[in-house]
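Single-structure report; data block below.
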Amino acid sequence: MSPDATPALPMIAPQLSADGTAVRWPLLDRLAPLLDDLAQAYAEDPVAIGYLLTAHAAHVEALDFAQGSADMPEHERCIRAAQADATREALLDELPSAPTVDARCTPDDAITYATRLTKLAVFSRLTRNRNPR
């Protein structure tokens, strides 16, 4: 593995919902450390993290407006998307757990994951067809 290669992380295992009619991805285990890191970073430097959060919120709102506006030029949407990406990346740079959320897998792992997801989806469809609501 090259020095800058990202090690493969465990995939988020797809699961059936409790009633068996949908496939779900339990993301809380991946997102909880991010929230914990954000709280810790805010406690350590509330001014800097508060500024980043406020700037990011403004950029996200501007992007939402641009995407929902029919007469907004495409270059303006791109600029606003880049601004939101920049503040998001700045916030993620403050969170040590951020790299664990973006899982990477080998081609064989991806095929295994896709096969499992397909099997769960087929089972879910069969369950839904047997128990229409």
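The values are calculated or read from the model by the stated rules, or taken from the named source; none is laboratory data. If you're wondering where the values come from, they're calculated on a predicted model, not measured in any experiment. So basically every Cβ, Gly included, is an ideal-geometry build from the backbone, and we count neighbours across all protein chains shown. Note: accessible area is taken over every heavy atom of the protein model, side chains too, but ligands, DNA and RNA are not part of it. Shrake-Rupley method; radii C 1.70, N 1.55, O 1.52, S 1.80 Å.
Take ALA66 and tell me if it is free of Cβ contacts under 8 Å to residues at least 60 places away in the same chain, part of a helix (DSSP H, G or I) and out of contact with any Ser or Thr (no Cβ under 8 Å at 6 or more places or on another chain). Here the answer is yes, as ALA66 does meet what is asked. Pairing each residue of segment 90-105 that is under 12 Å from ASP37 (Cα atoms) and open to solvent by 90 Å² or more (accessible area, probe 1.4 Å) with any residue that is at pLDDT 90 or above and not in a loop (DSSP other than H, G, I, E, B), provided the two are 6+ apart or on different chains, yields C-beta distances under 8 Å for GLU94/ASP37; GLU94/LEU38; GLU94/ALA41; GLU94/ILE49; GLU94/LEU52; PRO96/ASP37.
Of all residues in segment 74-88, those being closer than 14 Å to TYR51 by Cα and surrounded by fewer than 14 Cβ atoms within 10 Å (Cβ to Cβ) number 1.
Being assigned to a helix (DSSP H, G or I) and either aliphatic (A, V, I, L, M) or touching a helix residue (DSSP H, G or I) at 6+ places or on another chain (Cβ under 7 Å) (or both) is the filter here, so list the residues in segment 101-133 that pass it. Walk me through it before giving the result.
So in segment 101-133, the residues assigned to a helix (DSSP H, G or I) come out as 107-130.
Scanning segment 101-133 gives ALA110, ILE111, ALA114, LEU117, LEU120, ALA121, VAL122, LEU126.
Taken together, THR54, THR21 contain a single residue that is crowded, with 16+ Cβ neighbours inside 10 Å and either touching a Pro at 6+ places or on another chain (Cβ under 9 Å) or hydroxyl-bearing (Ser, Thr, Tyr) (or both), which is THR21. When ALA39, ALA62, ALA70, ALA66 are screened for being among the small types (Gly, Ala, Ser), modelled with pLDDT of 90 or more and open to solvent by 90 Å² or more (accessible area, probe 1.4 Å), only ALA70 passes. In segment 106-117, the qualifying residues are those that are at pLDDT 85 or above and among the polar types (S, T, N, Q), and the one that is farthest from ASP37 (Cα to Cα) is THR115.
One residue stands out in segment 106-126 among those that are open to solvent by less than 90 Å² (accessible area, probe 1.4 Å) and in contact with a Leu (Cβ under 9 Å, 6 or more places away or on another chain): the one that is nearest to GLU44 (Cα to Cα), namely LEU120.
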